[in-house]
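One structure is given here, and the rest of the page talks about it.
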Amino acid sequence: MRRQACANGTRMNEHADQAAYGRSWYAATMLPVKPRPPLAVDLDVDVCVIGGGLAGLTAAREVARRGWSVALLEAGRLAARASGRNTGFVLPGFAADAEKLVARVGFEHAKELWALSQAGLDYVRDTIAAEGADGIDPESGWLYVSKLDNADELFRSVALLGDLGCEVEGWPTERVRAFLRSERYFAAIYFPRALTIHPLNYALKLAAAAERDGARIFEDTPALSIDPSGVRKRIVTPAARVRAGHVVLAGNVGIKGLLPRLAATLVPITTYVIVTAPLGAQRLAAAIGYRGAVSDTDLADNHYRIVGGDRLMWSGRATVWPRNPRRYRAALTGDIAKTYPQLGRVAADYVWNGTLGNTVHRMPQIGELAPGVWLASGFGGHGLDTTAMAGNIVARALVEGDETWRKFTPFELVWAGGVFGRAAAQLRVWTKRLTDATGERRAKAREAAQRSTSQPQTPNAGVDAAASESIVPPDARDEAEHAAQRRQDSEPAHQDSRQRAGD
Ligand SMILES: Cc1cc2nc3c(=O)[nH]c(=O)nc-3n(C[C@H](O)[C@H](O)[C@H](O)COP(=O)(O)OP(=O)(O)OC[C@H]3O[C@@H](n4cnc5c(N)ncnc54)[C@H](O)[C@@H]3O)c2cc1C
């Protein structure tokens, strides 16, 4: 693959349309692809899909595979929005928490939904096997790591996930730290069947597969208006019209220009991603001995993985109003330094952002809005399994009259609160970050107190203390010092630390 030098010393792929794909690692490593021409003549088809992200591409492919005619309209370039900019974790489940899902729809229903999400994950895996893994570089496994000493709570979730049919393991702190050498981390949930992928190259291969099956794809073709009344729907684009028996709306937050009221059911969340300069295998191995996906929160911060052999892809810092991604370069490299101080200073070669659409209930919007008008949207930060799932469900509903989509009817369209909804979402992110940080400080303090009561002083203790200085937060150090003081005063410190653990 030929590349050209960029101003910041990194190299960009000459195939990448930087205006569309941004200065991302994915754009720099994308497979060669020619732009598809815009729609120039009127068309009459069975299905018109609006949106060329992973939801629209999967739906178009699956409709075409079933023998119906399908045209996909993409306003810009394929997968240039969330689908080609995300962190690439293909996980089972949904953005909604499993426990809350069970509480909302009952255990059996939740189990069926989880099975559908896992079928979505399997679809991605099977597609990669069929279309070839080159450029997609799949890697297995996801570690969901806790920064709190809450193993009991975490292992209860493992039991629930297991009951829902998900393959999971609970990892104790020592095992986690053997792979992720960070003092910030405690126990984790391991998902062996999860995947990481290069989502942009996956989407491009999916598009090629859809075209092979007969789908017609048009880039730079925004749907400007829809007339959904009548048996044949009419879609107007800048140069031509489409008449279709069915329309699939898969525009995510970008649908705002076409259907503002529908877009108002999503809170747009923008997340920032960096890829570091090569770190060197040895230096990286001193911090991370695991090549799958890692998340250390479900909302605000750190999701990361190794890419390109010895670089780190790191994402976080969600905002509800998009900001210049360059402003987050320092914050994200700072997060790396805080988690893995042994890496020293790291430089970010690539920095970009992407916007996802969150629903109020954090479940996707899948179903028939009006006769012949279908919706596949609202996948939030959990879209790589669920877009595959939704594309299949909608295609089966259209062509075969399958009614699986009805399992999503409890998650109706809910207005996301407009500007106040956005402000509330931002507040939730900040609050979560704050509670995470407070919980983490307390957990570290308890651990430090435990260590100081259980370990005899050795000649190396000073060296260990110096090494941990940079990673133990100040409050934790205070706690450790107080614990040592209490020991000197013959206070029963172990009893005290147990009491605190029960706080
Ligand atoms: C930074 C980031 C990290 C993420 N990480 C992960 C992750 O690791 N794992 C995971 O599961 N999920 C992740 N997600 C979420 C995931 O990327 C999305 O949920 C998913 O890609 C949504 O796909 P989509 O097809 O619905 O939307 P999109 O990819 O946004 O595609 C919608 C397309 O519709 C087009 N469109 C809109 N309106 C029109 C119109 N009127 N006419 C024609 N075309 C139109 C747009 O141009 C766009 O290309 C992440 C998201 C972001 C932003």
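Multiply the residue separation of Arg323 and Ala129 by 0.36 nm, subtract the distance between their alpha-carbon atoms, and state the gained length in nm to one decimal.
Between Arg323 and Ala129, full extension yields 66.1 nm more.
Each residue of segment 273-281 in order: what ³J(HN,Hα) in whole Hz does its phi give by Karplus 6.51 cos²θ - 1.76 cosθ + 1.60, θ = phi - 60°, with x for Gly and Pro?
3J(HN,Hα) across segment 273-281, in whole Hz: 9, 10, 10, 6, 5, x, 9, x, 4.
Which loop trypsin sites (Lys or Arg not before Pro) in segment 251-293, with loop taken from DSSP, have no more than 16 other Cβ atoms within 10 angstrom of their Cβ?
Passing sites in segment 251-293 are Arg291.
Taking amide H atoms as placed 1.01 Å from N in the peptide plane, list the residues 5 or more away in sequence, or in a different chain, whose amide H sits under 5 Å from that of Leu312.
So Leu312 has HN proximity to Thr276, Val307.
Taking K and R as +1 and D and E as -1, what net charge do the other residues with C-beta under 13 Å from the C-beta of Ala75 add up to?
Every neighbour counted, the sum reads +1.
Report, in listed order, any pair from Lys111/Lys256; Lys100/Lys432; Lys100/Lys338 with a Cα-Cα distance greater than 26 Å.
Lys111/Lys256; Lys100/Lys338
Name the long-range amide H neighbours of Ala348: under 5 Å, sequence gap of 5 or more, or other chain; modelled H, no Pro or chain starts.
Amide H neighbours of Ala348: Ala277.
Any chance you could run the full-extension gain for Asp44 through Ala370? It's 0.36 nm times the residue separation minus the Cα-Cα distance, nm to one decimal. Please report the intermediate quantities before stating the final value.
Details: separation 326, 0.36 × 326 = 117.36 nm, distance 2.00 nm.
Gain on extension, Asp44 to Ala370, equals 115.4 nm.
Using modelled backbone amide H atoms (1.01 Å from N, in-plane), which distant-in-sequence or interchain residues come within less than 5 Å of Leu369's amide H?
So Leu369 has HN proximity to Trp374, Leu375.
What lysines sit close enough to Lys34 to cross-link, taking a C-alpha to C-alpha distance under 21 Å and skipping anything fewer than 8 places away on the same chain?
Of all the lysines, those that pass the test against Lys34 - Cα under 21 Å, at least 8 places apart if same chain - are Lys205.
For the residue pair Phe155 and Phe107, what label-to-label distance in nm results when each label sits 7 Å from Cα along the Cα-to-beta-carbon direction?
Between Phe155 and Phe107, the label points sit 2.1 nm apart.
None of the figures in this text is laboratory data; all of them are computed from the coordinates on show. Just so you know, these numbers come straight off a predicted model, no measurement behind them. Glycine gets a Cβ as well: all are built from the backbone with ideal geometry, and neighbour counts include every protein chain shown.
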